[in-house]
Amino acid sequence: MLLVEPRMQGMVSTSSTLVCDTSEAGWLMMNGLNGPDMSYLDYNATAPIRPEALAAVLEAMKSVGNASSMHQPGRQAAHRVDVARRQLADLLGCSPGEIIFTSGATEANNLALRAAFTAGNPLVTSPVEHPAVLETARAVTAESPEDLVLLPVGADGLVDLGALDQVFPARRGGVVSLMAANNETGVLTDLRVAAKAAHEAGALVHTDATQIIGRLPMDVAELDVDLLSLSAHKFGGPQGAGALYVRRGSPLPHRPLLVGGGQERGWRAGTLNVAGIIGMGAAADAARRGVGEEAERIAALRDRLESLVTGALPGCRINGRRDQRLPGVTSITFPGLPADAVLAAMPEVAASEGSACASGAPTPSHVLLAMGLSRDDADSTIRFSLGYATTNAEIENAAHAVKRAATQVRAALAEAHGPS
């Protein structure tokens, strides 16, 4: 069964295009990460699990034990969770006691903002944040919408941190929530500048660091943030595991999302996902040991991809500040070519039309619109994201596939709009 977007029907060949194949062969094709014909360039959606994390998860699943139980299997599970907490703390540069395990960054973002925000104080964020932050911010300020402050964003994707001077010291307290690295463009935020302005006004600082963890060196003390959210599957851990860093001594009201068990020092009730946490710890340890070399290698591969694509397809544009972004992310606009059609025409390349979290959404990327792109250009933009396992061959194959797909779609559009 071949599922194609309505506007793509008639534009793509069913013999060469796989959008969502429900057959076993199609499933294997789409998930054949290490196959010779697949270039997996969607690490911002989810990274392939690292071998160290996979081994740790499989080993953990062979054992039984609730980490809250007092018997020997329970104590063994608790010990392994403690080891993982230390591994994650080492990656962040914090104390293990400052980490609260969650199901992922979405839960961590919700927990952070719902605990930190109090009506009557400002909640400062930006229009290019992940929906897990934006929608939570709108929800908690629903009864006091004047408390929600969105900082302006430039055409280069940088949040205007200078605008904080207009928020503080006119208002004091509250919370500032800005992502460390944008999930669609990779553009980085100078959190230290934001933290200085916020702390001088008595506000807490939260960052959604989902995309930067394990990809660039991280030290929460240097960033001077109070709260930090992350998700394991972005840096090679298993899906369904994440964490919230809460700086010791931060004046954070105790407002857990989940109650009833007392786990995680009362911040997150529920039986711990022992296998997922152990896998996250193993991925954190592997990422910490290789982050510098990986970043340099991945940046070179990203630059190679951009060079090949822009050289082969004049007129395409790279979005975002190019000298202040993650090493493995590029957002490329192909004017006049619907991104979903281009993606459908190159099934051997796994990439995204904007954020995977908004897949299937009827509206263009809110990030690109906030940067000033037109709806048409936002709809013609593809995000390629590389990571620790990306190879030279994948980049070469992907660049070739992009050129072929763009040419195919352009020809199909010309034929469709030609004389009848």
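From the list 186, 202, the one residue that fits, being touching a Lys or Arg at 6+ places or on another chain (Cβ under 7 Å) and within 20 Å of residue 112 (Cα to Cα), is 202. Residue check: residue 35 meets all listed conditions (1) surrounded by fewer than 17 Cβ atoms within 10 Å (Cβ to Cβ); (2) modelled with pLDDT of 95 or more but one, namely (2). Report yes if residue 236 is in contact with a Ser or Thr (Cβ under 9 Å, 6 or more places away or on another chain), open to solvent by less than 60 Å² (accessible area, probe 1.4 Å) and part of a loop (DSSP other than H, G, I, E, B), otherwise no. When the stated conditions are applied, residue 236 does not pass them. What are the residues in region 368-397 that are out of contact with any Leu (no Cβ under 6 Å at 6 or more places or on another chain), part of a helix (DSSP H, G or I) and open to solvent by less than 10 Å² (accessible area, probe 1.4 Å), if any? Passing the criteria: only 368.
Restricting to region 133-176, and then to whatever is small (Gly, Ala, Ser) and in contact with a strand residue (DSSP E or B) (Cβ under 7 Å, 6 or more places away or on another chain), can you tell me which residue is nearest to residue 197 (Cα to Cα)? Full working, then the answer.
Initial filter on region 133-176 (small (Gly, Ala, Ser)): 137, 139, 142, 144, 154-155, 157, 162-163, 170, 173-174.
When the remaining residues are screened for being in contact with a strand residue (DSSP E or B) (Cβ under 7 Å, 6 or more places away or on another chain), the result is 137, 157, 174.
Details: 137: 20, 157: 20, 174: 12 Å.
Taking the candidates together, the pick is 174.
In this entry, residue 106 is excluded by the filter for residues that are closer than 16 Å to residue 366 by Cβ and either without any contact (Cβ under 8 Å) to a residue 12 or more places away in the chain or not in a strand (DSSP E or B) (or both). Here residue 249 fulfils each of the conditions (1) open to solvent by 50 Å² or more (accessible area, probe 1.4 Å); (2) at negative phi apart from (2).
Each residue in region 49-96 was checked for being in a loop (DSSP other than H, G, I, E, B), buried (at least 18 other Cβ atoms within 10 Å of the Cβ) and in contact with a Gly (Cβ under 9 Å, 6 or more places away or on another chain), and 4 of them qualify. If you take the residues in region 307-334 that are over 25 Å from the mean Cα position of the chain (by Cα) and part of a loop (DSSP other than H, G, I, E, B), which one is surrounded by the fewest Cβ atoms within 10 Å (Cβ to Cβ)? Restricting to residues being over 25 Å from the mean Cα position of the chain (by Cα) and part of a loop (DSSP other than H, G, I, E, B), the top hit is 314.
Residue 249 passes every criterion in (1) over 18 Å from residue 48 (Cβ atoms); (2) touching a residue at least 12 places away in the same chain (Cβ under 8 Å) apart from (2). Considering only region 239-254, state which residues are in a loop (DSSP other than H, G, I, E, B) and in contact with a Phe, Trp or Tyr (Cβ under 9 Å, 6 or more places away or on another chain). Those that are in a loop (DSSP other than H, G, I, E, B) and in contact with a Phe, Trp or Tyr (Cβ under 9 Å, 6 or more places away or on another chain): 241, 254. In region 252-271, the residue that is surrounded by the most Cβ atoms within 10 Å (Cβ to Cβ) out of those that are without any contact (Cβ under 8 Å) to a residue 40 or more places away in the chain and of a type outside the set (A, V, I, L, M) is 270.
The values are calculated or read from the model by the stated rules, or taken from the named source; none is laboratory data. Here the structure is a predicted model, which means the values were calculated and not measured. Here Cβ is always computed from backbone atoms with ideal geometry, including for glycine, and neighbour counts include all displayed protein chains. To get the accessible areas, we keep the full protein, side chains included, count just its heavy atoms, and leave off ligands, DNA and RNA. Shrake-Rupley method; radii C 1.70, N 1.55, O 1.52, S 1.80 Å.
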